[in-house]
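Notes follow once the structure below has been shown.
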Amino acid sequence: MSDLLKELYQEIIIDHGNTPRNFGECENFNKSADGHNPLCGDKVHLTLHLDDDDIIKDIKFTGVGCAISIASTSLMTQSLKNNSLDYAMRLFEDFSNLVTGSETSLKMLNEEDSLYALKGVSAFPMRVKCATLSWHAFKAAINDN
């Protein structure tokens with residue numbers, strides 16, 4: 001990976017960590033879940049509105065955590081908003097593979113995706129939980145009827 005690309009990725013994480021997108025609570029949500037990483041104290045509360053056609057019409061979060069946790073959640077909400085639940089679950093799998101170092105099996109993500117900025121997390125196993133906390137909260141929200 002080029003130094004320029006590493007610098008860009010670092011900027012994306014810092015930007016989303018300092019100024020998260022979709023921060024707050026959805027007005028009319030029908031799914032929600034909380035995530036907590038007791039190892040580092042990261043906490044996230046996720047709300048979303050899933051319509052009758054399984055389209056994520058809105059998704060927002062509140063919480064506290066490290067830059068990786070907040071940036072990952074911010075990037076996740078941007079990627080999932082206005083997309084289908086099927087798309088979201090496939091992206092969840094790809095993102096998990098990316099941050100755990102199984103990038104050879106990526107089907108959807110590539111270097112052009114902003115989520116790819118979190119690829120470097122795979123070199124720090126203790127940070128994988130930070131990057132995936134909101135994704136697991138999302139899955140919990142979907143599975144909670």
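The values are calculated or read from the model by the stated rules, or taken from the named source; none is laboratory data. As the structure is a prediction and not an experimental result, all values here were calculated from the model. All Cβ positions, even for glycine, are placed from backbone atoms using ideal geometry, and neighbour counts span all protein chains on display.
In segment 44-69, what count of residues is obtained for those that are touching a Ser or Thr at 6+ places or on another chain (Cβ under 9 Å) and either buried (at least 19 other Cβ atoms within 10 Å of the Cβ) or not hydrophobic (A, V, I, L, M, F, W, C) (or both)? Working first, answer last.
As a first pass, look at segment 44-69 and keep what is touching a Ser or Thr at 6+ places or on another chain (Cβ under 9 Å): 44-48, 53-56, 58-63, 65, 69.
This time we only want the ones that are either buried (at least 19 other Cβ atoms within 10 Å of the Cβ) or not hydrophobic (A, V, I, L, M, F, W, C) (or both), so: 44-48, 53-54, 56, 58-63, 65, 69.
Matching residues across segment 44-69 total 16.
Just for segment 90-117: of the residues that are in contact (Cβ under 8 Å) with a residue 40 or more places away in the chain and among the aliphatic types (A, V, I, L, M), which one is farthest from I13 (Cα to Cα)? Steps first, please.
The first filter runs over segment 90-117 and keeps only residues in contact (Cβ under 8 Å) with a residue 40 or more places away in the chain, leaving 92, 95, 111, 114-117.
Those still in the list that are among the aliphatic types (A, V, I, L, M) too: 115, 117.
Working: L115: 9, A117: 7 Å.
The extreme case among them is L115.
Give just the number: which of (1) of a type outside the set (A, V, I, L, M, F, W, C); (2) in contact with a strand residue (DSSP E or B) (Cβ under 7 Å, 6 or more places away or on another chain); (3) crowded, with 21+ Cβ neighbours inside 10 Å does N28 not satisfy?
(3)
Of the residues S69, S79, S134, only one is touching a Cys at 6+ places or on another chain (Cβ under 6 Å), in contact (Cβ under 8 Å) with a residue 12 or more places away in the chain and either within 18 Å of I14 (Cα to Cα) or of a type in the set (D, E, K, R) (or both); which? Step through it out loud before you land on a result.
On the way: S79 fails: touching a Cys at 6+ places or on another chain (Cβ under 6 Å); S134 fails: touching a Cys at 6+ places or on another chain (Cβ under 6 Å).
One residue alone meets the criteria, S69.
Step by step: first the residues of segment 48-62, then only those that are without any contact (Cβ under 8 Å) to a residue 24 or more places away in the chain and in contact with a strand residue (DSSP E or B) (Cβ under 7 Å, 6 or more places away or on another chain), then the one that is nearest to F23 (Cα to Cα). Which residue is that?
Once the filter is applied, the top-ranked residue is H49.
Do you know which residues across segment 8-55 are at pLDDT 95 or above, polar (S, T, N, Q) and part of a strand (DSSP E or B)?
S32, T47
Looking at segment 86-145, which of its residues are of a type in the set (V, I, T), in a helix (DSSP H, G or I) and out of contact with any strand residue (DSSP E or B) (no Cβ under 8 Å at 6 or more places or on another chain)?
Applying the first criterion (of a type in the set (V, I, T)) to segment 86-145 yields 99-100, 104, 121, 128, 132, 142.
If we keep only those that are in a helix (DSSP H, G or I) as well, we get 99, 104, 121, 128, 132, 142.
Result: V99, T104, V121, V128, T132.
Inside segment 56-84, can you point out the residues that are under 12 Å from W135 (Cα atoms) and either assigned to a loop (DSSP other than H, G, I, E, B) or of a type in the set (S, T, Y) (or both)?
S69, S72, T73, S74, T77, S79 - these are the residues of segment 56-84 that are under 12 Å from W135 (Cα atoms) and either assigned to a loop (DSSP other than H, G, I, E, B) or of a type in the set (S, T, Y) (or both).
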